Amino acid sequence: MKTICGICPRHCALEPGQTGFCRARANRNGVIVCKNYGRLTAVALDPVEKKPLRRFYPGRSVLSVGSFGCNLRCPFCQNSGISMAGGDAETIYVSPERLAAKAVELSRRTPGNLGVAFTYNEPLVGFEYVRDCAGLVHAAGLKNILVTNGTVCEKPLRKLLPLIDAMNIDLKGFRQDYYDWLLGDLGTVKKTIAISARACHVEVTTLIVPGRNDSEEDMDAEAAWLASLDPAIPLHISRFFPRYHTRDLEPTPVDTIKRLCSVARGRLKYVYSGNC
């Protein structure tokens with residue numbers, strides 16, 4: 001008998017023993033579980049600006065952790081080694097208690113660790129681990145940061161938001177045909193941004209791929225929509241570099257990033273260019 005996963009809009013209907021599209025959630029005896037619970041592929045102490053967050057405790061560090069799996073298929077994925085990996089990914093097991101304790105230990109250094117950032121792969125495919133860790137991190141008086149593609153259903157998002165202090169959400173483009181290339185849904189991501197921006201600090205990132213999402217018209221429409229939520233939402237406009245299935249493309253010209261930043265600044269108060 002199939003069981004439906006309710007974390008993202010794909011709603012994978014899985015037979016017992018079957019793994020979903022994200023490679024991280026599976027049907028185990030009729031119950032959907034996250035296979036990547038506590039299984040970390042990356043752990044690092046990063047500047048919070050690297051998430052990227054420019055207007056949330058600048059100058060502080062954050063304990064950043066990632067696992068494996070993703071519910072999109074971006075041909076230009078910058079972390080395909082883990083995001084597109086499945087259960088055979090090389091990992092270490094870190095319990096929520098151990099992770100929270102490490103965050104507290106690092107907070108006593110100078111400058112003190114801000115908390116935990118769930119990043120690198122798509123953290124929400126490991127919803128239960130993020131939830132359990134975030135509760136302990138909050139109980140210790142530290143902050144939780146979520147770096148996500150925003151492809152999540154409203155119900156789990158709202159359950160998690162009381163535990164999240166800041167998010168960077170990828171708004172990968174502003175046309176559905178662009179999201180079709182990624183096997184995603186623009187409307188879902190817009191809804192995630194709108195809901196989250198009312199609940200915690202939100203910054204948005206758009207990676208510009210030459211010939212795909214680099215028009216001034218698209219950027220103006222995106223910036224206007226973000227401004228309709230709040231013109232003070234920071235927008236990060238980043239350069240593409242050839243990765244994964246797009247190694248035949250050239251990096252985004254710096255002049256393109258500068259031009260699109262200028263367009264966005266006509267609508268938004270805080271616009272940042274990355275990787276220039």
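The values are calculated or read from the model by the stated rules, or taken from the named source; none is laboratory data. Computed from a predicted model, the values in this text were never measured in an experiment. Cβ sites come from the backbone with ideal geometry, for glycine too, and all protein chains shown count toward neighbours. Each accessible area value is taken on the protein alone, full model and side chains, heavy atoms only, with ligands, DNA and RNA left out. Shrake-Rupley method; radii C 1.70, N 1.55, O 1.52, S 1.80 Å.
Points worth noting:
- Any hit, segment 115-122, residues being on the phi > 0 side of the Ramachandran plot and either assigned to a loop (DSSP other than H, G, I, E, B) or in contact with a strand residue (DSSP E or B) (Cβ under 9 Å, 6 or more places away or on another chain) (or both): yes
- Scope segment 20-43; condition part of a strand (DSSP E or B) and either over 23 Å from GLY81 (Cα atoms) or open to solvent by 50 Å² or more (accessible area, probe 1.4 Å) (or both); matching residues: ASN27, ARG28, VAL31, ILE32, ARG39, VAL43
- Selection of segment 1-19 for residues being more than 18 Å from LEU157 (Cα to Cα) and open to solvent by 70 Å² or more (accessible area, probe 1.4 Å) yields MET1, LYS2, GLU15, PRO16, GLN18.
- Pairs are defined by a Cβ separation below 7 Å, a sequence spacing of at least 6 or placement on different chains, a first member in segment 81-93 that is surrounded by fewer than 16 Cβ atoms within 10 Å (Cβ to Cβ), and a second member that is at pLDDT 85 or above and of a type in the set (Phe, Trp, Tyr); the pairs so defined are GLY86/PHE68.
Residues are listed down the side, and each one gets a yes or a no for (1) within 23 Å of MET167 (Cα to Cα); (2) at pLDDT below 95:
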| position | (1), (2) |
| --- | --- |
| VAL31 | no, no |
| TYR37 | yes, no |
| ALA44 | yes, no |
| SER80 | yes, yes |
| SER83 | yes, yes |
| TYR93 | no, no |
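- 3 or more residues over 14 Å from the mean Cα position of the chain (by Cα) and under 21 Å from GLY266 (Cα atoms): qualifying helices (runs of 4 or more DSSP H) within segment 158-229: 216-229
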